[in-house]
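This report concerns only the one structure given below.
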Amino acid sequence: MGKKVVKIFFTGACIVLLFFYSVASAAGTPSVINYQGRLADGNGDLLGGSGTTYYFKFSIWNAVSGGSQVWPSAAPTSLGLTVRHGVFTVNLGDTSAGFPTALDYDFSASSDVYLQVE
(Lines give C-alpha, C1' and ligand atoms only; values in the text may rest on other atoms or scores of the structure.)
Protein backbone atom coordinates (compact mmCIF):
# COMPACT_ATOMS: atom_id res chain seq x y z
CA MET A 1 0.00 0.00 0.00
CA GLY A 2 1.14 3.55 -0.67
CA LYS A 3 2.16 5.92 2.09
CA LYS A 4 -0.30 8.64 3.00
CA VAL A 5 -0.21 11.77 5.09
CA VAL A 6 -3.16 12.25 7.42
CA LYS A 7 -3.88 15.24 9.59
CA ILE A 8 -6.10 14.68 12.57
CA PHE A 9 -7.19 17.07 15.25
CA PHE A 10 -9.27 15.90 18.19
CA THR A 11 -12.63 17.81 18.45
CA GLY A 12 -15.30 17.22 15.81
CA ALA A 13 -13.43 17.35 12.51
CA CYS A 14 -10.45 18.39 14.62
CA ILE A 15 -9.63 16.12 17.52
CA VAL A 16 -7.87 17.30 20.70
CA LEU A 17 -7.17 14.80 23.43
CA LEU A 18 -7.35 16.22 26.93
CA PHE A 19 -4.80 14.91 29.36
CA PHE A 20 -5.83 15.33 32.98
CA TYR A 21 -2.83 15.21 35.17
CA SER A 22 -3.04 15.30 38.95
CA VAL A 23 0.11 16.43 40.71
CA ALA A 24 -1.09 14.74 43.90
CA SER A 25 -1.11 11.31 42.26
CA ALA A 26 2.11 11.81 40.30
CA ALA A 27 5.08 9.65 41.17
CA GLY A 28 7.29 11.71 38.87
CA THR A 29 7.43 13.07 35.37
CA PRO A 30 6.83 10.32 32.79
CA SER A 31 9.50 9.97 30.14
CA VAL A 32 7.24 7.99 27.78
CA ILE A 33 3.46 8.04 27.37
CA ASN A 34 1.71 5.27 25.47
CA TYR A 35 -1.02 6.56 23.16
CA GLN A 36 -3.37 4.50 21.01
CA GLY A 37 -5.61 6.14 18.43
CA ARG A 38 -8.18 5.20 15.86
CA LEU A 39 -7.95 6.50 12.31
CA ALA A 40 -11.01 6.78 10.06
CA ASP A 41 -11.97 8.68 6.95
CA GLY A 42 -14.75 11.29 6.73
CA ASN A 43 -17.37 8.53 6.41
CA GLY A 44 -16.18 6.77 9.56
CA ASP A 45 -14.56 3.91 7.65
CA LEU A 46 -11.43 2.61 9.39
CA LEU A 47 -8.19 3.16 7.47
CA GLY A 48 -5.07 1.05 7.14
CA GLY A 49 -6.49 -2.36 6.21
CA SER A 50 -4.05 -5.07 7.26
CA GLY A 51 -1.24 -2.51 7.60
CA THR A 52 -0.53 0.86 5.97
CA THR A 53 2.04 3.49 6.96
CA TYR A 54 0.62 6.91 7.82
CA TYR A 55 2.63 9.89 9.01
CA PHE A 56 1.75 11.67 12.23
CA LYS A 57 3.01 14.64 14.23
CA PHE A 58 2.43 14.83 17.99
CA SER A 59 2.61 17.90 20.21
CA ILE A 60 1.38 18.92 23.66
CA TRP A 61 -0.33 22.28 24.26
CA ASN A 62 -1.44 24.21 27.33
CA ALA A 63 -4.90 25.14 25.95
CA VAL A 64 -7.53 23.66 23.63
CA SER A 65 -7.04 26.56 21.21
CA GLY A 66 -4.92 29.69 21.14
CA GLY A 67 -2.47 28.30 23.69
CA SER A 68 1.23 27.57 23.53
CA GLN A 69 2.97 24.42 22.46
CA VAL A 70 4.79 23.01 25.50
CA TRP A 71 6.30 19.90 23.87
CA PRO A 72 8.35 19.40 21.80
CA SER A 73 10.31 22.64 22.06
CA ALA A 74 10.52 22.92 18.25
CA ALA A 75 8.00 22.07 15.53
CA PRO A 76 7.05 18.38 15.76
CA THR A 77 8.55 16.06 13.15
CA SER A 78 6.71 13.37 11.21
CA LEU A 79 6.69 9.84 12.49
CA GLY A 80 5.64 6.92 10.28
CA LEU A 81 3.27 4.54 12.10
CA THR A 82 1.59 1.40 10.85
CA VAL A 83 -2.20 1.62 11.02
CA ARG A 84 -4.05 -1.71 11.08
CA HIS A 85 -7.83 -1.75 10.82
CA GLY A 86 -7.88 1.88 11.96
CA VAL A 87 -5.71 1.41 15.07
CA PHE A 88 -2.25 2.85 15.72
CA THR A 89 -0.08 2.89 18.84
CA VAL A 90 2.84 5.14 19.71
CA ASN A 91 5.09 5.61 22.73
CA LEU A 92 5.40 9.39 22.87
CA GLY A 93 8.96 10.38 23.69
CA ASP A 94 10.51 6.91 23.35
CA THR A 95 13.62 7.83 21.37
CA SER A 96 15.04 4.30 21.70
CA ALA A 97 12.07 3.08 19.64
CA GLY A 98 12.60 5.75 16.97
CA PHE A 99 10.45 8.59 18.33
CA PRO A 100 12.16 11.79 17.15
CA THR A 101 11.82 13.87 20.37
CA ALA A 102 12.28 12.89 24.02
CA LEU A 103 9.31 13.64 26.29
CA ASP A 104 10.82 16.27 28.57
CA TYR A 105 7.72 18.26 29.55
CA ASP A 106 7.21 18.78 33.30
CA PHE A 107 3.57 17.73 33.78
CA SER A 108 3.49 19.27 37.25
CA ALA A 109 3.63 22.70 35.56
CA SER A 110 -0.07 22.53 34.64
CA SER A 111 -3.12 20.54 35.66
CA ASP A 112 -4.46 20.29 32.09
CA VAL A 113 -2.53 19.72 28.87
CA TYR A 114 -3.76 18.74 25.41
CA LEU A 115 -2.30 16.31 22.91
CA GLN A 116 -2.51 17.42 19.28
CA VAL A 117 -2.21 14.69 16.68
CA GLU A 118 -1.69 15.73 13.06
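The values are calculated or read from the model by the stated rules, or taken from the named source; none is laboratory data. It should be emphasised that the depicted structure is a prediction, and the values quoted were computed from it without experimental measurement. Accessible surface is based on the protein model in full, side chains and every heavy atom, while ligands, DNA and RNA are left aside. Shrake-Rupley method; radii C 1.70, N 1.55, O 1.52, S 1.80 Å.
Kindly write out, for the range 89-99 in residue order, the coupling ³J(HN,Hα) from the Karplus curve 6.51 cos²θ - 1.76 cosθ + 1.60 (θ = phi - 60°), rounded to whole Hz, with x marking Gly and Pro.
9, 9, 9, 4, x, 7, 5, 5, 9, x, 5
Starting from the amide H of residue 113, placed 1.01 Å from N in the peptide plane, find each other amide H under 5 Å away whose residue is 5 or more places distant or on another chain.
So residue 113 has HN proximity to 19, 21.
From the phi angles alone, apply the Karplus equation (6.51, -1.76, 1.60; θ = phi - 60°) to the range 45-61 and give each ³J(HN,Hα) in whole Hz, x where the residue is Gly or Pro.
So the J values, rounded to whole Hz, are 6, 5, 9, x, x, 7, x, 9, 7, 10, 10, 10, 10, 10, 8, 10, 10.
Heavy atoms only, probe 1.4 angstrom, no DNA, RNA or ligands counted: give me 77, 52 ranked by accessible area, highest first.
77, 52
Would you mind checking which residues have amide H under 5 Å from residue 71's amide H? H placed 1.01 Å from N; only 5 or more apart, or other chain.
60
If I stretch the segment between residue 53 and residue 108 completely, what's the gain in nm (0.36 nm per residue apart, minus their alpha carbon distance), one decimal?
16.4 nm is the gain from fully extending residue 53 to residue 108.
Just reorder 106, 112 by solvent-accessible area, largest first, 1.4 Å probe, all chains present.
On the way: 106 75, 112 50 Å².
So, going from the largest accessible area down, we get 106, 112.
State the extension gain, in nm to one decimal, for the chain segment bounded by residue 31 and residue 84, taking 0.36 nm per residue of separation less the distance between their alpha-carbons.
Residue separation times 0.36 nm, minus the Cα-Cα distance, leaves 16.5 nm.
Stokes-Einstein at 10 °C, 1.306 mPa s, Kirkwood radius from Cα pairs: D for the range 40-118 in µm² s⁻¹?
Rounded, D is 114 µm²/s.
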